[in-house]
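Notes to accompany the following structure.
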């Protein structure tokens, strides 16, 4: 294993009827901005629960944060933060709302002229407003990590940042709020979590048995519960396992002491920006191709993945890998998610657009061994039509 340090300050409050507890977690006298997305919190009862819990506080609201939160929208929220002297942020929504609120928290303390420099130029985040989370959709793990991804529609970029100041102070996870979500969002959550685990697991052997077995356990849970969670009538226990798996997939613990590979996410971000695919939809397209194109570099772990996750058996390791790739794509399709670029109407010339965007930012030669060249990426995307 590699050397590592780990610090996760997020307090997780998990279970039924836990939303009222936010009143005990926010400092007395705080001036709060509640952020949310398209308004689903008004339909599923979450808004009323949050409003009741905040009855003793002064709070304001800002809605309309998009899936893949827009920098321009967050700058409008920043105006509210400054005007109303906000000193605490409460993100009520899924990963996009949480990511957007993390950026807002950092932008509120940013001393430069252009907060977009945090993402585009890696400008350091030296402090941020404190924030809490009421999670309404499980997918990104943003409720327990310091990461955020923001889209700039003017520059056609989707870029990440991370900071120790971006950890939520607390996150409330009540699986019962997932009951009213459309199945496409549930499927997206399972796929996003699955790929998060894969990118911390499917690299090369590192003698990190605890981390490997932990990752395999999360993958097995997603495979076992995913289809029922997405396609069948709501079941609280199934939703609980799916919700916790998504949190564990990207809270930092699986990455301790192991090599990681975020190339699938990097390519997926470009497909989202250029062609409007949901984030998880782009991952479901890219990952099977990534496994195939990088099978030599990932050979040992692909064989382990085939045996320990998909329970496949064959003396020929190449056949095992072939079957594991097929099983992975079949799993995505079992969640009623498309896995081919052609199914989304993306033209062949889109391949060059994706490569050009990555080259422009110096992000070619990706992966844990920096072996995914522009040529191999072109091969990967061509096989996904």
Kindly express, to the nearest 10 degrees and within the range 0 to 90, the angle between helix 317-334's C-alpha long axis and the longest C-alpha principal axis of the chain. 40
Using Cα atoms only, what is the angle between the long axis of helix 95-108 and the major principal axis of the chain, expressed in degrees (0 to 90) to the nearest 10? 60
Regarding segment 11-176, what is the average projected area of its C-alpha convex hull, in nm²? 8.6
With labels modelled as points extended 7 Å from the Cα through the Cβ direction, what inter-label distance (nm, one decimal) is found for residue 313 paired with residue 121? 6.0
For the chain, what is the mean residue ellipticity at 222 nm derived from helices alone (per DSSP H run of n ≥ 4: -39500 (n - 2.57); sum divided by total residues; nearest 500 deg cm²/dmol)? -14500 deg cm²/dmol
Suppose each label sits 7 Å from its Cα in the direction of the beta carbon; what would the residue 24-residue 340 distance come out to in nanometres? 5.4
Just round it to a whole percent: the fraction of Cα-Cα distances in segment 184-382 exceeding 20 Å. 55
Row for segment 109-180, column shape: gyration tensor on C-alpha, a ≥ b ≥ c, rounded if a/c < 1.5 i.e. under 1.5, prolate if a/b over b/c, else oblate; value oblate
Any idea what angle helix 350-360 forms with the longest principal axis of the chain, computed on alpha-carbon atoms, 0 to 90 degrees, nearest 10? 70
Distance in nm between residue 1 and residue 60 label points, each 7 Å along Cα→Cβ, equals 4.6
Where does each of 144-152, 309-317, 28-36 land if you order them by average Cβ count within 10 Å, highest first? 144-152, 28-36, 309-317
If you take every DSSP beta bridge fully contained in the chain, what fraction is antiparallel? Give it as a percent rounded to 5. 25
What ranking, highest mean first, results for peptides 240-246, 41-47, 280-286, 126-132 when packing means the other Cβ atoms within 10 Å averaged over each residue? 280-286, 240-246, 126-132, 41-47
Once the convex hull of the alpha carbons of the chain is built, what does its volume come to per residue, in cubic angstrom? 130
Using the beta-carbon distance between residue 363 and residue 385 and R0 = 22 Å, what value does 1/(1 + (r/R0)^6) give for FRET efficiency, to the nearest 0.05? 0.50
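Throughout, read-outs are computed from the coordinates displayed, never taken from laboratory work. All of these numbers come straight from a predicted model, not from anything done at the bench. Counting neighbours? That spans all protein chains shown, and the Cβs are built from the backbone with ideal geometry, glycine included.
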